């Protein structure tokens, strides 16, 4: 009985040990509340009390006497979860190697169930393939560049035959899965894109949304640091084994429970994997209709309707932590929600925030690695995509803010984007989303032009520059102490009266955020109010171009307006700009 008045801790322990399926010994650890009216919940919030009489919330934590688990931690917490009798219809015993036949068969059953019972399957539409040709894609981390790559010099030979023995282990393991799934083709970037042809590379990058969204499934080598390690791993099957106990938790009747390791959910193994941190893979997961994650813990399935694992082959009890399931459905299934204004107001800022946490081997790929997602959104919204922004929301979105304590800009000449784009800064970015009706825009578009990028720039041949009109205020930075690049700068912006008309007093900003903490702001900076509410004004901190900065062409063709670059943002109490004149400005 799960009731302290009827059973002691030792009696509960004896009951559980007697009821456990198999011969593994269990130890029960229980902690009573000080008033002895309930139990502590030992994981998460320790102050959360669990009523022992509520069957749907009763949780008990157990230490599992197992050689492998004992090495991981002294207390390996398990969680008892109510399940319906007979809920598990799949009889599956995990193997010690995730590439074993039983594991492959389970993965194949997930695919077949999805194809026959879930969403309608679309066939490939790529021009290179015949209609109806099915293929699987692979997400992986290259590692060493010393591998077989498709190039102009070997293209003819590889069309005749590809030596499987010469491929990296991740690709070989993916081939094993593809063969088990009964599919004839595997799409791998190393072998399907000409690596020495910039035009073919650009063409394939632009078509990523079609490549991944039309694949039967995407295989993710989630925990392979490099391709030599492969998709499959050797592991202790006890780590993904279900343990079932039968406990009576109230006098009204019995209940069947499933015991699983609550301290290491599957979402941690997927979302915390090596591959999940890579920028290129971010869009691959978002664009894929179905995914098979090959993790160090085991195989995990993810589609629109089901998330399953080797521990829970019929469906996870907890959802994976990826935040874009609704967005993914809208993109790949083209649900009506993508056509609404809230999509670009709410979902795109979320994409940017999570994407900017990911890592890229080459900084010039900052916008390229998001090209597939942006292309798919552009197709269904008919909006114009400009350096990480959507034209319909661009002016509102200019006041993005770095989320790191010491942000850094990419060097100007090699930056993947103009200074006003979030892609010009390293690290997580907060992008303003929904703007209420009580906020008013203070700047206006005069045009978007493109100028030639410097020869050393590897990202974009042309850079977009913005011609806008707004109020320009002269200001000076007053630091509260010496500038320290290792800590967030502290100080305030003081607006001078050089440009102001009578009646506009000097003022200081409430909040200032700089895009690069490695160097102090120059003298003679300016402020551009972008939007305002009833209480506050938000805008950009601007500076003149430095020698060598991209923007030479912009200076020549600025049409008399001032040419400036963004160096940060500010927010202050609402400014009275009614007596201020407006001026033309070019942002580069």
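Couple of notes before you dig in:
Residue by residue, here is whether (1) in contact with a strand residue (DSSP E or B) (Cβ under 6 Å, 6 or more places away or on another chain); (2) more than 20 Å from residue 136 (Cβ to Cβ); (3) not in a helix (DSSP H, G or I) holds:
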| residue | (1), (2), (3) |
| --- | --- |
| 151 | no, yes, yes |
| 159 | no, no, no |
| 179 | no, no, no |
| 194 | no, yes, yes |
| 222 | yes, no, yes |
| 228 | no, yes, yes |
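- Residue 440 vs. criteria more than 30 Å from residue 363 (Cα to Cα) and modelled with pLDDT of 80 or more: yes
- Within the stretch 121-148, restricting attention to residues that are under 13 Å from residue 192 (Cβ atoms), surrounded by 11 or more Cβ atoms within 10 Å (Cβ to Cβ) and more than 28 Å from the chain's Cα centre (by Cα), the residue that is modelled with the lowest pLDDT is 129.
- Considering residues of the stretch 443-489 that are at pLDDT 90 or above and not in a strand (DSSP E or B) only, the residue nearest to residue 517 (Cα to Cα): 472
- Taken over the stretch 198-220, the criterion of being out of contact with any strand residue (DSSP E or B) (no Cβ under 7 Å at 6 or more places or on another chain) and more than 17 Å from residue 133 (Cα to Cα) is satisfied by 198, 199, 200, 201, 202, 203, 204, 205, 206, 207, 208, 209.
- Answer residue from the stretch 372-404, given it is surrounded by fewer than 19 Cβ atoms within 10 Å (Cβ to Cβ) and over 20 Å from residue 432 (Cβ atoms) and is modelled with the lowest pLDDT among those: 380
- If the condition is being more than 17 Å from residue 570 (Cβ to Cβ), in a loop (DSSP other than H, G, I, E, B) and in contact (Cβ under 8 Å) with a residue 60 or more places away in the chain, then the stretch 399-418 contributes 405, 406, 412, 413, 415, 418.
- Scanning the stretch 357-377 for residues that are touching a helix residue (DSSP H, G or I) at 6+ places or on another chain (Cβ under 7 Å) and outside any helix (DSSP H, G or I) gives 358, 359, 360, 366, 367.
- Candidates 66, 118, 108: the one that is surrounded by 13 or more Cβ atoms within 10 Å (Cβ to Cβ), at pLDDT below 70, within 24 Å of residue 231 (Cβ to Cβ) and out of contact with any strand residue (DSSP E or B) (no Cβ under 9 Å at 6 or more places or on another chain) is 118.
- The stretch 345-359 - residue that is more than 15 Å from residue 286 (Cβ to Cβ) and surrounded by fewer than 17 Cβ atoms within 10 Å (Cβ to Cβ) and, of those, modelled with the lowest pLDDT: 346
- Which numbered condition residue 293 fails, given (1) at pLDDT below 80; (2) in contact with a strand residue (DSSP E or B) (Cβ under 6 Å, 6 or more places away or on another chain): (1)
The values are calculated or read from the model by the stated rules, or taken from the named source; none is laboratory data. Keep in mind it's a predicted model, so treat the numbers as computed, not measured. Reconstructed Cβ throughout: ideal geometry from the backbone, glycine too, with neighbour counts over all protein chains shown.
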